[in-house]
């Protein structure tokens, strides 16, 4: 289905509230908006509890933002979802309900709600299109968060239909980058593995414990790429249906763990624990509608070469280094910084492993 561009929404001169500005996504959006010439409004959780309806309404009435990026949420990995299902459901329902309704009440011009790929059915056809929403059962390990996020999407659609509000939603995959959460009780898979690898190195251990079988496939998007995509979508997209914001590739948890070991600089055995849940077997978003809007990611965790499907990444790297046609194209060595500009699609792919190295240095400094 073809997607249409809306008339461009201009952020310049607008009062823009980034809800959740201290989180990984919110802080990335703030960094990205710095070049848009807008006034960025921020308020901490200590100053304003978004779960309290009267407080949100009073603050919104006083501030009168023109635009809102909704990145505030209670988030976490499988363990956190399983341990605190009521918190994940109540907190996110309350936050979304209060902000969306207040945005309508004070006449906010545009709002973007950030969701998650976990909204889609557990066994959705891959890659997952936006119209897969509500076509099958959810993954039980994060259904509470997913139900809350689905409600937020439906609220944006309902307020759009009933009140004509320009409220939209966007669904990212797993994220990584600055300001990630390394709390072992609530972190997502990538920072959890990075923390485990770091501890293995520091304590001189021989193996890294990994939940599940290592076979599930996950898509990972660099958070600054997400922020850039969200600003782009905010400007040009105005439709009821949610829009996927993905990286366009996925890796197994085992492959991710091996990449992280290279980054940390260790050689350890991965000890998989099949008694722990794997979660959804695969989550790869179909982001073709976003590509039609003229946006694509710049950062990748893995070596990509679509001319050589199924080839080992390191062999592809060796082939590229010996290919005269690729002379001068940025390719890095076998140290683990895997980056390549793909000729056929003219993709600008940078080394996401560099981001992991930065994250590891920050973790080691704690």
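A few remarks follow.
- FRET efficiency for the residue 53 to residue 15 pair, using the beta carbon distance and R₀ = 30 Å, is estimated at 0.85.
- Each residue of segment 146-280 gets 127 Å³ once the volume of the Cα convex hull is shared out per residue.
- Shape call, segment 82-230: gyration tensor on alpha carbons, a/c limit 1.5: prolate
- The value of relative contact order for segment 47-177, using C-alpha pairs under 8 Å at least six residues apart, is 29 percent.
- Spherically averaged projected area in nm², based on the convex hull that wraps the Cα atoms of segment 11-55: 3.4
- Diffusion coefficient of segment 109-196 by Stokes-Einstein, Kirkwood radius over Cα pairs, 25 °C, 0.890 mPa s: 167 µm²/s.
- P(r) tail fraction, segment 1-80 - alpha-carbon pairs more than 16 Å apart, %: 59
- Virtual spin-label span in nm between residue 42 and residue 252, 7 Å along Cα→Cβ: 4.1
- Hypothetical label at residue 276: residues of segment 176-191 whose amide nitrogen lies under 17 Å (7 Å Cα-Cβ projection): 181-191
- Three-way shape call for segment 31-165 based on the alpha-carbon gyration tensor, with the a/c threshold at 1.5: prolate
- Subtracting the Cα-Cα distance of residue 64 and residue 288 from 0.36 nm times their residue separation leaves 77.2 nm of extension gain.
- Alpha carbon convex hull of segment 170-234, volume per residue in cubic angstrom: 107
- Per residue, the Cα convex hull of segment 91-160 amounts to 85 Å³.
- Virtual paramagnetic centre 7 Å along Cα→Cβ of residue 126, amide N under 16 Å, in segment 188-228: 213-221
- Largest-first ellipsoid semi-axes for segment 231-274, taking √(5λ) over the Cα gyration tensor eigenvalues, angstrom: 37, 14, 7
- Extended-chain gain in nm, criterion 0.36 nm per residue less alpha-carbon gap, residue 202 and residue 298: 31.3 nm
Here, each number is a calculation from the coordinates, and none is a lab measurement. Quick caveat: nothing in here was measured; it's all calculated off a predicted structure. Here the Cβ is made from the backbone with ideal geometry for all residues, glycine too, and neighbour counts use every protein chain on show.
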